[in-house]
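Working notes, structure below.
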Amino acid sequence: MTEAAKKLINLRINGKDISAPESLSVIQALWYAGYPRVKGVGCLQGVCGSCRVFVRRADSNEVSTELGCELLIEEGMDVSFLIYPIPPYQTYSLEEIPNSWEVQAKFHEIFPEAAQCRHCGGCTTTCPKDIDVEKGVELAVKGRFQEAGELFVQCVMCNLCQTACPELITPNHVALFSRRVTAYFHTRPSNLIHRLEKMRKGQLQVIE
Amino acid sequence: MTINIPYDEAIRRYRPLAERALPCTADPGEDLLQRYHPDYIADRCIQLTVGANAGDPCHRQLADVLQSDSRIDEADLAASPEVETDVLVIGGGGAGCSAALEAARAGARVILATKLRLGDSNTVMAEGGIQASIEKDDTPQMHYDDTVKGASGQIDRTLAAQMVTDGPDVIRWLIQQGMQFDLDQYGDLLTRRAGGTSAPRVLYFRDYTGLEMMRVLREAVFNSDVEVWDYCPAVELLSDQSGHCAGAVLSSLKDYTYSLVKAKSVIVATGGIGRLHLNGFPTSNHFGAVGDGLVLAYRLGAKLRDLDTFQYHPTGLAHPHHLGGTLITEGVRSAGAYLLNAASERFIDELRPRDHVAAAIIRECAEGRGVDAGHGQSGVWLDTPSIELRSPGIMEQRFPKLLHLGIKSGIDPRQQPMLIYPTLHYQNGGVIINRQGASTVPGLYCVGEVCGGVHGRNRLMGNSLLEIISFGRRAGTTAAKRVHGAGMRQKKVSLEHLRAFRRELMLAKMPLTQQSPLLFPEYAKFEKDSDYDGLRRNTRVADDG
Ligand SMILES: Cc1cc2nc3c(=O)[nH]c(=O)nc-3n(C[C@H](O)[C@H](O)[C@H](O)COP(=O)(O)OP(=O)(O)OC[C@H]3O[C@@H](n4cnc5c(N)ncnc54)[C@H](O)[C@@H]3O)c2cc1C
Ligand code: SF4
Ligand code: SF4
Ligand code: FES
């Protein structure tokens, strides 16, 4: 294992030819080879969605999108970093939705493009977390927000699906809207509510 | 040199078993911490010589950045554009976002500046959950008692009491922002125990609690009146004639320029220091966690505390190398996973406080009972198959993030144990604050991991996520109120405090060879990146090519 770790891999990152030990991620390989890298680096653990890369593997013409911190280098890989993720196009506030009956209408007001989804699957292909993004959009358009949101548990908001969508839909924000209204309107835990009520009455004071 | 068992050999010896007894020889003994915890390594601490904490013990590597020169001086300010706002929040993690949201809600104009992308933070990585006493057989008092007990005494009791009292309302606030939690079949919040809790009190969303919290808060901020300046690290605070905080100097990584933001209140929420890699440890922290906030606050005269104590989380990934240091949530041990040495023996009660468990792991490896992962890294097994055997399906249901980490590591944690070693996780100490998040410098608020006192010298799992929202909201509201206070007309801002600090450094014969805040870990080579030529280089970084 220590022997194997010394094996060097040759690849190209952002147009630079690099050799690095095979146990490194794309970001680590850049650093290893002496190139600075700050842009597009974040948690280094696959949850912040900053480190988006295009990847073409040896013997393949297919370009895929992945997260640079999780991507182990491979012989002959060609990698380029994407620029910063962009903020959402739309704004809304949950408080402006008067009650849960109005969620569906509000959704279509906020995300009018969503209903135009042409089911090209671009978003799903591009997702580095293998989420069925297209399905999520479809469910949200039908008003099935809870189900839609469920699909996006692992979403890191890398915005790749947003970039991929020809209809300028922002599937990740559609999904997050779906998740947020579910909590906002439907999470009503009785254990929490009991506790809040007791505390409101001034019981349960803390003595230091 | 101790020789541990090579990885391949150790994994061949391992057999999955549902139950394993804790041998009675596993008693950790009195001197476990003294002998093996990194907080007790001789010479790791020095006494600070300048600033508000002169004379106090401080970790050597942290002292280096605290007692450094500024990256900028008055000349850099002359040409920089000026912007005015009511409240400036520095840092876009959970603490910063909740502070910004509440300040904006209270009617203040708010700018939130963050080093990288909004939400790139330690918050987004939190897994295990957030504490709040909500169950029938639990009370805020029990939460308080546990927190004080876990802290080894030296805790700020007022802060701890405030935090536990805020707990239930923090959860409600998060749900109102649109955050989901794991619920039981009746829609009640699920709770679980963690090391040091006397009742089930940790609320969670799978092992993605921080991700869920952060994506919701980020979206809430983007959909509010808060003006977000991302990729804009703060390099210095500004002071007014009376030495109060009056804004900050921000550097833009997008257009490579400085700007002065004048603000009536400043809230520093810059998080921790894991990427200083204290004592050479790997870390679970995000890329930007290099203690900038401590440096900024200290130079302006804010008093800090407990600068010699850090939390090493027992279970950081030790193999594969490219994901080294990545956290595996304590939730896995709460769910009953064992820790095993290379001989597949348990060696400590897995739910003892983190410092004990971490020290015990270090002991196993130091005494040759660990597993050698290559790259100079050793570790012990986190026996994930044991919980899967006891409750089939638990991994997929409760720990999807761990499963994903396993896939990325080429290991199926349902069948194979994960190799772990303690990872530098949390800064226990930090800026001294009151219940509103105010530091000892007027106009300067600090919230979140950058602060000290709430957890004393050891933090319980789940109390940090609670702290950041509890004090984040408080500071946001208070900072917004202060804007309308008496004498709050806009004042002249300067870097006068730097001159005083430099004089102190020189009088103390400090070398002035280093500049801080660091902004990024040294291995990212930020100072040598020609992309950022517009910004003042840290000229004193050794040019090793
Ligand atoms: C892997 C991991 C798991 C964890 N799990 C848990 C858990 O289960 N439960 C729990 O309670 N706690 C947990 N913690 C601890 C907890 O997540 C953190 O302590 C907490 O989230 C810190 O929040 P914060 O807002 O203070 O700092 P952060 O979330 O780290 O945010 C700091 C922000 O400030 C920015 N910043 C830094 N320097 C500058 C600068 N110079 N200028 C501008 N911006 C700057 C950063 O980029 C970042 O956006 C965990 C921590 C880690 C690392
Ligand atoms: S759903 Fe979109 S934003 Fe979320 S992880 Fe997939 S590609 Fe990224
Ligand atoms: S990329 Fe856009 S149009 Fe295509 S399936 Fe996804 S949401 Fe629909
Ligand atoms: S750096 Fe955060 S996902 Fe890769």
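A short reminder: the numbers here are calculations on the coordinates, not readings from a lab. Keep in mind it's a predicted model, so treat the numbers as computed, not measured. As a convention, Cβ positions derive from the backbone with ideal geometry for all residues, glycine included, and neighbour counts pool all protein chains shown.
Quote the charge dipole size of the range A:94-200 about the Cα centre in Debye, to the nearest 20; the model charges only the Cβ of Lys and Arg (+1) and of Asp and Glu (-1).
Charge dipole, the range A:94-200, about its Cα centre: 480 debye, nearest 20.
Please pull out the direction-averaged projected area of the range A:1-102, using the convex hull of its alpha-carbon atoms, in nm² to one decimal place.
10.0
Could the peptides A:142-148, B:441-447 be put in order, highest first, of the mean number of other beta-carbon atoms found within 10 Å of their residues?
Going by the mean number of other Cβ atoms within 10 Å, highest first, we get B:441-447, A:142-148.
What is the mean number of Cβ atoms from other protein chains located within 10 Å of the Cβ atom of each residue in peptide B:115-123, rounded to a whole number?
Partner-chain Cβ atoms within 10 Å, mean over residues of B:115-123: 6.
Quick one: grab the alpha carbon gyration tensor of the protein assembly as shown, order the square roots of its eigenvalues as a ≥ b ≥ c, and give me rounded if a/c is under 1.5, else prolate or oblate depending on whether a/b is larger than b/c.
Because its axes are fairly even, with a/c under 1.5, the protein assembly as shown counts as rounded.
Evaluate E = 1/(1 + (r/R0)^6) for B:THR513 and B:ASP73, where r is the Cβ-Cβ distance and R0 equals 22 Å; express this FRET efficiency to the nearest 0.05.
Working: r = 16 Å, r/R0 = 0.74.
Efficiency at R0 = 22 Å is approximately 0.85.
Roughly how many nanometres apart are two label points built 7 Å out from the Cα toward the Cβ at A:ALA58 and B:ALA199?
For A:ALA58 paired with B:ALA199, the spin-label model returns 6.1 nm.
Quick one: what are the phi-derived ³J(HN,Hα) couplings along the range A:25-36, Karplus 6.51/-1.76/1.60 with θ = phi - 60°, whole Hz, x for glycine and proline?
3J(HN,Hα) across the range A:25-36, in whole Hz: 7, 4, 5, 4, 5, 4, 4, 4, 7, x, 8, x.
Mind listing the long-range amide H neighbours of A:ALA33? Cut-off is under 5 Å, sequence gap 5 or more, other chains count too, H placed in the peptide plane at 1.01 Å from N.
Residues meeting the amide H criterion: none.
Can you tell me, using C-alpha contacts under 8 Å and at least 6 residues apart, the relative contact order of the range B:208-305 as a whole percent?
Relative contact order comes out at 18 percent.
Given the rule -39500 (n - 2.57) for each run of at least 4 DSSP H residues, summed and divided by the residues of the protein assembly as shown, what is its mean residue ellipticity at 222 nm, to the nearest 500 deg cm²/dmol? Numbers along the way, then the final one.
Working: 25 runs with 232 residues, N = 753.
That calculation yields -9000 deg cm²/dmol at 222 nm.
Beyond a 25 Å Cα-Cα separation, which of these cross-linked pairs lie in this structure: A:LYS7/B:LYS115; B:LYS408/B:LYS528; A:LYS7/B:LYS408; A:LYS16/B:LYS528; B:LYS254/B:LYS528; A:LYS39/B:LYS528?
A:LYS7/B:LYS115; B:LYS408/B:LYS528
If you plug each phi of the range B:103-114 into the Karplus form 6.51 cos²θ - 1.76 cosθ + 1.60 with θ = phi - 60°, what whole-Hz ³J(HN,Hα) values come out, in order, with x for Gly and Pro?
With the stated coefficients, the range B:103-114 comes to 5, 5, 5, 7, x, 7, 7, 10, 10, 10, 9, 9 Hz.
Would you tally the net charge around B:VAL124, using a Cβ to Cβ cut-off of less than 9 Å, leaving B:VAL124 out, and scoring K and R as +1, D and E as -1?
It works out to a net charge of +1.
If you count, for every residue in A:191-201, the Cβ atoms of partner chains within 10 Å of its Cβ, what is the mean?
Across the residues of A:191-201, the mean count of other-chain Cβ atoms within 10 Å is 6.
Within the range B:222-251, what residues put their amide N at less than 12 Å from the label point 7 Å along the Cα-to-Cβ vector of A:TYR84?
Answer for the range B:222-251: B:228-233, B:251.
Please name whichever of A:LEU82, A:CYS120, A:GLN104 sits farthest to the positive end of the charge dipole of the range A:71-140, dipole taken about the Cα centre and charges placed at Cβ: Lys and Arg +1, Asp and Glu -1.
Farthest towards the positive end: A:GLN104.
Provide the net charge surrounding A:CYS155, with neighbours chosen by a C-beta distance below 14 Å and charges set as Lys +1, Arg +1, Asp -1, Glu -1.
+3
Does the range A:38-156 come out rounded, prolate or oblate, given a ≥ b ≥ c as the square roots of the eigenvalues of its C-alpha gyration tensor, rounded meaning a/c under 1.5 and, failing that, prolate meaning a/b above b/c?
Details: a/c = 2.68, a/b = 1.99, b/c = 1.35.
Prolate shape, in that a/c is at least 1.5 and a/b is the bigger ratio.
Ratio to report: Rg/Rh of the range B:31-89, with Cα atoms as the point set and Rh obtained by the Kirkwood method; give two decimals.
My calculation of the ratio gives 1.24.
Ranking request for peptides A:110-121, A:92-103: highest mean number of other beta-carbon atoms within 10 Å first, then the rest in descending order.
Ranking, from highest mean packing down: A:110-121, A:92-103.
To the nearest 20 Debye, how big is the dipole of the protein assembly as shown about its Cα centre, given +1 on the beta carbon of each Lys and Arg and -1 on that of each Asp and Glu?
Here the size comes out at about 1240 debye.
Past the 16 angstrom mark, what percentage of all C-alpha to C-alpha distances in the range A:94-200 do you count?
The calculated P(r) of the range A:94-200 puts 57 percent of pairs beyond 16 Å.
Please list, in chain and number order, the residues 5+ apart from B:ARG109 or on another chain whose amide H is under 5 Å from its amide H, with Hs placed from the backbone.
Counting only residues 5 or more places away or on other chains, the set is B:ASP86, B:VAL87.
Among B:GLN67, A:TYR32, B:ALA480, whose Cα sits farthest toward the positive end of the charge dipole of the protein assembly as shown (+1 at Cβ of Lys/Arg, -1 at Cβ of Asp/Glu, about the Cα centre)?
Result: B:ALA480, furthest along the dipole toward the positive end.
Would you please classify the overall shape of chain B from the alpha carbon gyration tensor, given that a ≥ b ≥ c denote the square roots of the eigenvalues, rounded means a/c under 1.5, and beyond that prolate means a/b larger than b/c while oblate covers the rest? Spell out each step's value before the answer.
Values: a/c = 1.87, a/b = 1.45, b/c = 1.29.
Prolate shape, in that a/c is at least 1.5 and a/b is the bigger ratio.
Hey, if you put +1 on the Cβ of every Lys and Arg and -1 on every Asp and Glu Cβ in the protein assembly as shown, which of B:THR440, B:THR2, B:THR329 ends up farthest toward the positive end of that dipole?
B:THR440
How large is ³J(HN,Hα), in whole Hz, for each residue of the range B:187-196 in order, when computed from phi with the Karplus curve 6.51 cos²θ - 1.76 cosθ + 1.60 and θ = phi - 60°, using x for Gly and Pro?
In residue order, the calculated couplings are x, 7, 5, 6, 10, 9, 7, 9, x, x Hz.
Dipole magnitude of chain A about its Cα centre, charges +1 at Lys/Arg Cβ and -1 at Asp/Glu Cβ only, in debye to the nearest 20?
Its charge dipole is roughly 620 debye.
Counting only other chains, and only Cβ atoms inside 10 Å, what mean value do you get across the residues of B:296-308?
Working: counts 0, 0, 0, 0, 0, 0, 0, 0, 0, 0, 0, 0, 0.
The per-residue average across the peptide is 0.
Of all DSSP beta bridges in the protein assembly as shown, what percent run antiparallel (nearest 5)?
65
Report the net charge of residues surrounding A:VAL79, where surrounding means a beta-carbon distance below 15 angstrom and charges are Lys +1, Arg +1, Asp -1, Glu -1.
Local net charge: -1.
Amide H neighbours of B:GLU236 under 5 Å, counting only residues 5+ apart in sequence or on other chains, H built in-plane at 1.01 Å?
Under 5 Å from the amide H of B:GLU236: B:VAL249.
Need one number: nm distance between label points at A:GLU167 and A:ASN14, each 7 Å from Cα along Cα→Cβ, rounded to one decimal.
Here the answer is 3.6 nm between the modelled labels.
Quick one: work out the % antiparallel among DSSP beta bridges in chain B, nearest 5.
Just about 60 percent of them are antiparallel.
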